[in-house]
1. Do any residues in the stretch 28-44 that are at pLDDT 95 or above have Cβ atoms under 7 Å from those of residues that are in a helix (DSSP H, G or I), where the two are at least six apart or on different chains, and which pairs are they?
2. Out of all the residues in the stretch 56-75, which are in a loop (DSSP other than H, G, I, E, B) and open to solvent by 30 Å² or more (accessible area, probe 1.4 Å)?
3. Hey, which of the strands (runs of 3 or more DSSP E) in the stretch 103-216, taking only ones fully inside, have at least 3 residues that are at pLDDT below 95 and touching a Gly at 6+ places or on another chain (Cβ under 8 Å)?
4. I'm told GLY142 meets every condition in (1) among the small types (Gly, Ala, Ser); (2) surrounded by 17 or more Cβ atoms within 10 Å (Cβ to Cβ); (3) closer than 22 Å to ALA234 by Cβ except one. Can you identify the failing condition by its number?
5. Consider ILE35 against the criteria (1) within 30 Å of LEU172 (Cα to Cα); (2) in a loop (DSSP other than H, G, I, E, B): it satisfies all of them except one. Which criterion is unmet?
6. Can you tell me which condition GLY53 does not meet? The list is (1) touching a residue at least 40 places away in the same chain (Cβ under 8 Å); (2) more than 24 Å from ASP74 (Cβ to Cβ); (3) surrounded by fewer than 16 Cβ atoms within 10 Å (Cβ to Cβ), and all the others hold.
7. Within the stretch 10-34, can you find the residues that are loosely packed, with under 13 Cβ neighbours inside 10 Å and of a type in the set (A, V, I, L, M)?
8. Any chance the stretch 222-230 includes a residue that's within 22 Å of the chain's Cα centre (by Cα), closer than 28 Å to GLU145 by Cα and at pLDDT 60 or above?
Amino acid sequence: MEGIIFKAMSGFYYVDCGGVTVTCRARGKFRHEKIHPLVGDRVSITALGDGTGAVDAILPRKNQFQRPAVANIDLLVVIASGAVPVTDPFLIDRVTAMAERRGCESIICFNKWDLEQPQDLYETYRKAGFSTLRVSAETGEGISELSDLIAGKVCAFTGNSGVGKSSILNALEPDFQLQVGDVSEKLGRGRHTTRHVELFRLKNGAVVADTPGFSSFEEEDGAGGCPPEELQYAFREFAPYLDQCRFVGCAHVKEKGCAVLAAVERGEISRSRHDSYVRLYRQAREVPEWQRK
């Protein structure tokens, strides 16, 4: 049989096989080969006589992340806010750059739109080519549109603490809060301190993972996981200008004849997005090559 690992805890893998969950152990070869199945992995399993199963193989991954430990994410839903707590655009740019490098699409949701409307930031990400939504978990604005965008996709929700990730998930599907609460109660932890990774299936066909927040992605990837010369490809709006710079190997930081910098001056690339690129580029330059590997 084939299925998707929805939860991994204490050496057990809970594999969803078409709506039926099979509790599995991984074959010994995984340990010997130092391969670790991840939540989100598509796997082939063998059913055992006692109703449990064994993970035989991990099917090819679309992508994978270390923190949170999850694989095959189609969409990263970034929840931001112009109201308290205000989201720093650098945090958005950091995680969207990480997603771009892994072939993972990003959706930017500005929650609490009923309280504060960061229209300039909304336009920044819309012009950069991201699906960008005005959302209010309180009034329901934008929730239907978000539901349509994530339907049938495997998604991770992320955002700085207090920005309203759980409220949006609950607005998408009221039963979600009950599911998360049940899991947290079984673990003996509160929802906001849960450390394990688990996927949940929504009625629209989406599979979602509620991740701890931006800090987890900062630890895992940051600038250190990306060679500085490759970072330019993580900012999608740079693409039309990358072959127009005067010098080969242009860093797009302060070089003469840089087409990217010229586009920033003309307003074709957001200055705040470019500032984030420069900040990440300089951080990446400080990481030794051996450490990136």
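1. Listed by first residue and then by second, the contacts come to PRO37/PHE30.
2. LEU59, PRO60, ARG61, LYS62, GLN66, ARG67, ALA69, ASP74
3. It comes to none.
4. In the conditions (1) among the small types (Gly, Ala, Ser); (2) surrounded by 17 or more Cβ atoms within 10 Å (Cβ to Cβ); (3) closer than 22 Å to ALA234 by Cβ, GLY142 misses (3) alone.
5. (1)
6. Of everything listed in (1) touching a residue at least 40 places away in the same chain (Cβ under 8 Å); (2) more than 24 Å from ASP74 (Cβ to Cβ); (3) surrounded by fewer than 16 Cβ atoms within 10 Å (Cβ to Cβ), GLY53 misses just condition (3).
7. Within the stretch 10-34, VAL20 is the sole residue that qualifies.
8. Within the stretch 222-230, not a single residue is within 22 Å of the chain's Cα centre (by Cα), closer than 28 Å to GLU145 by Cα and at pLDDT 60 or above.
The values are calculated or read from the model by the stated rules, or taken from the named source; none is laboratory data. All values reported here derive from a predicted model rather than from experimental measurement. Cβ coordinates were reconstructed from backbone atoms using ideal geometry, including for glycine residues, and neighbour counts include every protein chain displayed. These accessible areas exclude ligands, DNA and RNA; they are computed on the full protein's heavy atoms, side chains included. Shrake-Rupley method; radii C 1.70, N 1.55, O 1.52, S 1.80 Å.
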